[in-house]
1. Assess whether residue 89 counts as being assigned by TED's automatic domain parsing to the domain that holds residue 161 and out of contact with any strand residue (DSSP E or B) (no Cβ under 8 Å at 6 or more places or on another chain).
2. At pLDDT below 85, buried (at least 21 other Cβ atoms within 10 Å of the Cβ) and closer than 27 Å to residue 97 by Cβ: is that true of residue 177 in this structure?
3. Report every pair of residues separated by at least 6 positions or lying on different chains whose Cβ atoms are under 6 Å apart, first residue within region 554-580 and within 17 Å of residue 544 (Cα to Cα), second modelled with pLDDT of 95 or more and part of a loop (DSSP other than H, G, I, E, B).
4. Let me confirm something: among 111, 143, 104, which residue is surrounded by fewer than 16 Cβ atoms within 10 Å (Cβ to Cβ) and either out of contact with any strand residue (DSSP E or B) (no Cβ under 7 Å at 6 or more places or on another chain) or within 16 Å of residue 167 (Cα to Cα) (or both)?
5. Does region 428-437 include one or more residues that are buried (at least 24 other Cβ atoms within 10 Å of the Cβ), at pLDDT 85 or above, in contact with a strand residue (DSSP E or B) (Cβ under 7 Å, 6 or more places away or on another chain) and in the same structural domain as residue 475 (by TED's automatic domain parsing)?
6. Kindly check whether there is at least one residue in region 355-374 that is closer than 30 Å to residue 305 by Cα, assigned by TED's automatic domain parsing to the domain that holds residue 257 and crowded, with 18+ Cβ neighbours inside 10 Å.
7. Could you check region 415-427 and list, in sequence order, the residues that are within 27 Å of residue 373 (Cα to Cα) and at pLDDT below 95?
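The values are calculated or read from the model by the stated rules, or taken from the named source; none is laboratory data. Given the structure is predicted, the values throughout are model-derived calculations rather than measurements. Positions of Cβ are backbone-derived with ideal geometry, glycine not excepted, and every protein chain shown enters the neighbour counts.
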């Protein structure tokens, strides 16, 4: 009997052609079931990657995830819970098939299936929830549940949860696919959150910049505080808001602006810095975020609806000037982002409030100064003679136009006895109030000295000595002193740096060449005196340098030639008319150009 050899060992039989193992193709060693699983996983992961990589919007991302999961695990009830880092509980961020009440549920770590998965970071598959002691009944129709953790970079992000109304609905491959999804979706959610956070921060910075620009342009305190409340609504969706400022003693906070549920109101509140949460923020110099005011013994109830409160001190130059107080009816409403926003905004608000306060103080000072200047102008005008004296052989007139409310020019007519009148025209260095005060000083000294009727040159020397005794830095006086003798129609002139008088006789102008140092510059100065005989019909003009130096829009000066021409052209008119014509011509020459110096004109016309 012959023995038939056995057939060669060709390994397991498969349908179709058999191919020997290929070292370059390890998957050839897998059995067909595993190969199909890997192919399914690969296709699913490719679709998942495409879905996740094409968006950074969290809502779109969660929607696409739900659609992909539904394609491989048909469901009716689906949810993604995300962990709140501040409260350490899970909140439903996306759902399909849950009731409104369930959507608002917050799940503590370790509580229920979702809380247990979050705490242990281990997936849970329950095909009979009634047999589990960790299941919390939210929907009585649910029979089975599958939940997997969302972990990114070893940090829990949340939980993905699927429920079914059928028992034994989920299989191991469902768990496998959901785990694959969770491992990818967790990082995608973190990326989307980061993008959202960065976008929100960029938008917040843009709004903060707009707020800063707008707040710096508001200089009235009450409108400023109201605008702060309005602009803050663009950054934080608060429900109640108030601004409280410290009183002058720093002992109490006073409400300056309040907003409640869409309406501004102004309650009369005064809270000691030693009481309440707002007082604590001032005393402790720090932001205070209270998740639930009902649990804080410091809370002073102002709004019974309040549950959470955020109080931010306002700092300015190393001191607290007040607080910003935000309130909400929901516990744990204010988060780290709100704290950062308010800290940044509070610095700008504090500066704007102090600017507004400073502006108000300046405005008060300006109004007081305006009243003081108005009074000073009244006093100055009363010190200046309202009318020129009457003489038998000469008529005199004066016109005075200060560059500001009060001026530094001075003029006077002094009685030197029968038929004798002293004509004085001076210009004090500087302008406005200081010049007016110095002019009043000079005028007082001069009137006192006039009682002795000194000659013009003696008067100037006496005034110069008095100015030396009362010497002020950078203060001097240019003054022309002329004595008219009505009996012999002569004019004796002494000058200490003032504009030289101009005489018009028979249509020809003559300048009286009287010169001298301004009063108060040098000690022991003597002055020359010029006697000027006059004739009937002569017109003499005395002006301050504000007339000759008046400029038009082209920068041209009025000058002595134009003055002389106008004087001679109007010499036959009355003295007052001549003064008016000259002043009108100066004004016309300036053509709206601002006066930069006082303008004074005295005209003497010989009868």
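1. Values: assigned by TED's automatic domain parsing to the domain that holds residue 161: yes; out of contact with any strand residue (DSSP E or B) (no Cβ under 8 Å at 6 or more places or on another chain): no.
So residue 89 fails the test.
2. Judged against the criteria, residue 177 is a match.
3. 578/570
4. Answer to the check: 104.
5. Scanning region 428-437 turns up at least one residue that is buried (at least 24 other Cβ atoms within 10 Å of the Cβ), at pLDDT 85 or above, in contact with a strand residue (DSSP E or B) (Cβ under 7 Å, 6 or more places away or on another chain) and in the same structural domain as residue 475 (by TED's automatic domain parsing).
6. Step one: list which residues in region 355-374 are closer than 30 Å to residue 305 by Cα, which gives none.
The answer is no; no qualifying residue exists.
7. 426, 427
Results for (1) in contact with a helix residue (DSSP H, G or I) (Cβ under 8 Å, 6 or more places away or on another chain); (2) touching a residue at least 12 places away in the same chain (Cβ under 8 Å), shown as yes or no for each residue.
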| site | (1), (2) |
| --- | --- |
| 269 | no, yes |
| 283 | no, no |
| 296 | yes, yes |
| 308 | yes, yes |
| 314 | yes, yes |
| 341 | yes, yes |
| 344 | yes, yes |
| 353 | yes, yes |
